[in-house]
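Novice: Next up is a structure, given as structure tokens.
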Protein chains: 2
Amino acid sequence: MKRTAFFISDGTGITAETLGHSLLSQFENIDFDQVTLPYINNEEKAYDTVKRINQVAAKDGTKPIIFDTIINHNIRDIMATCEGFMVDIFTTFLKPLEQELQVSSSYTVGKSHSIVNEAGYKIRIDAINFSMANDDGGRVRHYDQADIILTGVSRSGKTPTCLYLALQFGLNAANYPLTEDDLEEETLPAPLKAHKDKLFGLTIDPERLSVIRHERKAHSRYSSPRQCQQETRGAEAIFNRENIPYIDVSELSVEEISTRILVQTGFERRLRS
Amino acid sequence: MKRTAFFISDGTGITAETLGHSLLSQFENIDFDQVTLPYINNEEKAYDTVKRINQVAAKDGTKPIIFDTIINHNIRDIMATCEGFMVDIFTTFLKPLEQELQVSSSYTVGKSHSIVNEAGYKIRIDAINFSMANDDGGRVRHYDQADIILTGVSRSGKTPTCLYLALQFGLNAANYPLTEDDLEEETLPAPLKAHKDKLFGLTIDPERLSVIRHERKAHSRYSSPRQCQQETRGAEAIFNRENIPYIDVSELSVEEISTRILVQTGFERRLRS
């Protein structure tokens with residue numbers, strides 16, 4: 001079965017898309033064609049959007065599902081005329097919240113993903129710069145400024161996780177690879193020894209690692225099952241011996257790895273997204 | 001006025017947090033203490049969470065606001081006993097969606113931010129690696145593989161935007177800085193000339209640029225208002241002359257810049273978050 005879903009907003013559309021995507025993922029047997037329409041912030045764009053939705057409705061022979069977070073009443077009224085099934089995110093929840101909080105909401109557009117304050121902006125940019133500069137063990141002299149240092153074998157997901165931790169949580173996240181020498185000797189690299197309280201390990205199923213490395217260097221020693229098995233075994237031995245907390249990332253997305261690290265370490269985020 | 005808000009999930013909590021944050025930002029006069037509790041995925045954790053919420057309720061002297069996306073019925077039932085004001089995100093919308101779609105939802109935990117498929121995972125990691133390797137004009141020989149190349153003066157937000165485009169949309173996003181020589185001569189740097197269809201410019205209010213640069217190098221020529229004004233004027237002159245689309249990022253978050261770039265260029269994302 002195929003249906004079309006629209007995520008529509010007068011801002012970035014991130015909220016409509018995040019919630020809509022979560023809800024639709026609960027209907028596994030339906031194949032949703034997903035369209036995000038951000039910045040629908042005037043009546044002309046609203047009429048165009050209604051036209052587009054109606055065309056899809058005619059083509060699909062069924063109502064598109066519309067997740068919207070539009071705040072402006074005039075634009076909402078225009079959208080309400082479309083041939084879609086409306087999931088009205090804001091109105092549904094704002095009324096009961098207004099009652100509970102005993103104040104009117106401001107009905108202001110684009111509040112949630114705009115620059116909240118100078119301090120938050122600076123924390124985020126500094127964290128991204130820190131994580132870029134301290135990627136892959138390239139530099140170790142600023143580890144005193146790190147909030148967290150990820151370690152693990154090559155291609156265990158250290159870099160994307162660091163960038164996510166910086167971008168979403170404002171954390172100064174460095175990462176340092178475990179090399180063959182470290183893994184054979186099962187010893188913690190010297191630059192990490194002074195920062196054991198900031199270390200977090202990533203490990204991965206050797207078969208999955210082999211597949212990922214194969215994409216990079218096919219049929220190499222680097223990507224061979226045997227090498228991947230030796231390396232992951234060595235990494236886990238180091239983590240266990242040195243009491244470094246770690247997780248197996250084989251089945252996890254970058255978002256899940258990052259969230260689990262925060263839960264497991266208790267490290268506080270510096271930013272709220 | 002101060003209230004406490006909890007974002008509670010049996011998965012990462014990203015959906016609860018994103019929607020909750022959007023809704024709360026509509027109540028500007030209330031100061032919300034915000035707490036995210038991910039992976040509340042068994043009854044023991046649910047009871048602990050209820051206890052924690054009730055303690056906050058007693059301390060605040062008012063109901064905490066609870067945004068939850070818990071799927072499991074037993075855990076939901078336990079959560080429902082707490083002294084909070086429940087904003088029940090999933091149940092509210094799943095029932096009407098089931099009716100419209102004429103299927104039952106799967107009520108499966110952690111669908112939305114898990115690894116969706118191998119192809120998507122690879123696109124994302126490749127995009128991040130590309131963007132890291134092609135940051136700040138460090139390398140230009142792979143621009144044929146770029147989806148987009150951002151350009152602008154130093155500290156105009158190129159790097160964070162590229163990383164966001166890679167992480168959220170799976171785009172190969174490179175960036176190349178405009179140097180003083182380029183800006184004085186008002187000419188496009190040679191490595192960019194062959195890729196004009198991929199270029200997008202970032203510009204920024206010179207006063208804001210001066211503040212940002214001041215954080216990096218206080219009282220320098222680099223951060224002086226005069227220098228910032230000359231550089232931004234030069235950058236805009238190049239964008240206008242060469243017909244390069246651009247936006248002023250002064251008041252925009254990384255999310256807003258990235259979304260607007262997609263809208264303005266019509267470039268298709270390779271990933272859905």
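The values are calculated or read from the model by the stated rules, or taken from the named source; none is laboratory data. Just so you know, these numbers come straight off a predicted model, no measurement behind them. In this analysis, Cβ positions are derived from the backbone assuming ideal geometry, glycine residues included, and neighbour counts consider all displayed protein chains. Side chains are part of the model used for accessible areas, which takes the heavy atoms of the whole protein and leaves out ligands, DNA and RNA. Shrake-Rupley method; radii C 1.70, N 1.55, O 1.52, S 1.80 Å.
Novice: Among the strands (runs of 3 or more DSSP E) contained in the range B:116-204, which hold 1 or more residues that are farther than 22 Å from B:Gly266 by Cβ?
Specialist: The strands (runs of 3 or more DSSP E) meeting that bar are B:173-177.
Novice: Quick check on the range B:236-246. Is at least one of its residues hydrophobic (A, V, I, L, M, F, W, C) and in a loop (DSSP other than H, G, I, E, B)?
Specialist: Checking the range B:236-246: at least one residue is hydrophobic (A, V, I, L, M, F, W, C) and in a loop (DSSP other than H, G, I, E, B).
Novice: Here's a follow-up. Could you list all residues from the range A:190-207 that are touching a residue at least 40 places away in the same chain (Cβ under 8 Å) and out of contact with any Leu (no Cβ under 7 Å at 6 or more places or on another chain)?
Specialist: A:Pro191, A:Ala194, A:His195, A:Lys196, A:Lys198, A:Gly201, A:Thr203, A:Ile204, A:Asp205
Novice: Tell me, which residue of the range A:64-79 that is in contact with a strand residue (DSSP E or B) (Cβ under 7 Å, 6 or more places away or on another chain) and among the hydrophobic types (A, V, I, L, M, F, W, C) is nearest to A:Ile30 (Cα to Cα)?
Specialist: Initial filter on the range A:64-79 (in contact with a strand residue (DSSP E or B) (Cβ under 7 Å, 6 or more places away or on another chain)): A:64-68, A:70, A:79.
Imposing the further condition that a residue be among the hydrophobic types (A, V, I, L, M, F, W, C) reduces the set to A:65-67, A:70, A:79.
Numbers: A:Ile65: 12, A:Ile66: 16, A:Phe67: 17, A:Ile70: 26, A:Met79: 25 Å.
Out of the qualifying residues, it is A:Ile65.
Novice: A:Glu185 - would you say it is at negative phi, more than 14 Å from chain B (Cβ to nearest Cβ) and either out of contact with any helix residue (DSSP H, G or I) (no Cβ under 8 Å at 6 or more places or on another chain) or among the β-branched types (Val, Ile, Thr) (or both)? Can you show your working first?
Specialist: Values: at negative phi: yes; more than 14 Å from chain B (Cβ to nearest Cβ): yes; either out of contact with any helix residue (DSSP H, G or I) (no Cβ under 8 Å at 6 or more places or on another chain) or among the β-branched types (Val, Ile, Thr) (or both): yes.
Criteria met by A:Glu185.
Novice: So which residues in the range B:5-39 are open to solvent by 60 Å² or more (accessible area, probe 1.4 Å) and either basic (Lys, Arg) or more than 7 Å from chain A (Cβ to nearest Cβ) (or both)?
Specialist: Residues satisfying the conditions are B:Asp31, B:Asp33.
Novice: Here is a follow-up. Test A:Ser210 against the criterion of being surrounded by 15 or more Cβ atoms within 10 Å (Cβ to Cβ), outside any helix (DSSP H, G or I), among the hydroxyl-bearing types (Ser, Thr, Tyr) and within 14 Å of another protein chain (Cβ to nearest Cβ), and give yes or no.
Specialist: So A:Ser210 fails the test.
Novice: Here's a follow-up. Just for the range A:257-273: of the residues that are under 15 Å from the mean Cα position of the chain (by Cα) and hydroxyl-bearing (Ser, Thr, Tyr), which one is nearest to A:Leu150 (Cα to Cα)?
Specialist: Within the range A:257-273, the match that is nearest to A:Leu150 (Cα to Cα) is A:Ser258.
Novice: For B:Asn42, which of the numbered conditions (1) free of Cβ contacts under 8 Å to residues at least 60 places away in the same chain; (2) facing chain A (nearest Cβ under 10 Å) fails to hold?
Specialist: It fails just one condition, (2).
Novice: Turning to a different aspect of this structure: What's the number of the only condition in (1) open to solvent by 30 Å² or more (accessible area, probe 1.4 Å); (2) more than 10 Å from chain B (Cβ to nearest Cβ) that A:Arg272 fails to meet?
Specialist: The one condition A:Arg272 does not meet is (2).
Novice: Looking only at the range A:103-135, which residues are modelled with pLDDT of 90 or more and of a type outside the set (A, V, I, L, M)?
Specialist: Once the filter is applied, which keeps residues that are modelled with pLDDT of 90 or more and of a type outside the set (A, V, I, L, M), the range A:103-135 yields A:Arg124, A:Asp126, A:Asn129, A:Phe130, A:Ser131, A:Asn134, A:Asp135.
Novice: Shifting gears a bit: If we keep just the residues of the range B:166-186 that are out of contact with any Phe, Trp or Tyr (no Cβ under 9 Å at 6 or more places or on another chain) and among the hydrophobic types (A, V, I, L, M, F, W, C), which is modelled with the highest pLDDT? Lay out the reasoning, then the answer.
Specialist: Just the residues of the range B:166-186 that are out of contact with any Phe, Trp or Tyr (no Cβ under 9 Å at 6 or more places or on another chain), to begin with: B:168, B:170, B:175, B:177-186.
Then drop every residue that is not among the hydrophobic types (A, V, I, L, M, F, W, C), which leaves B:178, B:183.
Values: B:Leu178: 97, B:Leu183: 94.
Checked the range B:166-186; the qualifying residue modelled with the highest pLDDT is B:Leu178.
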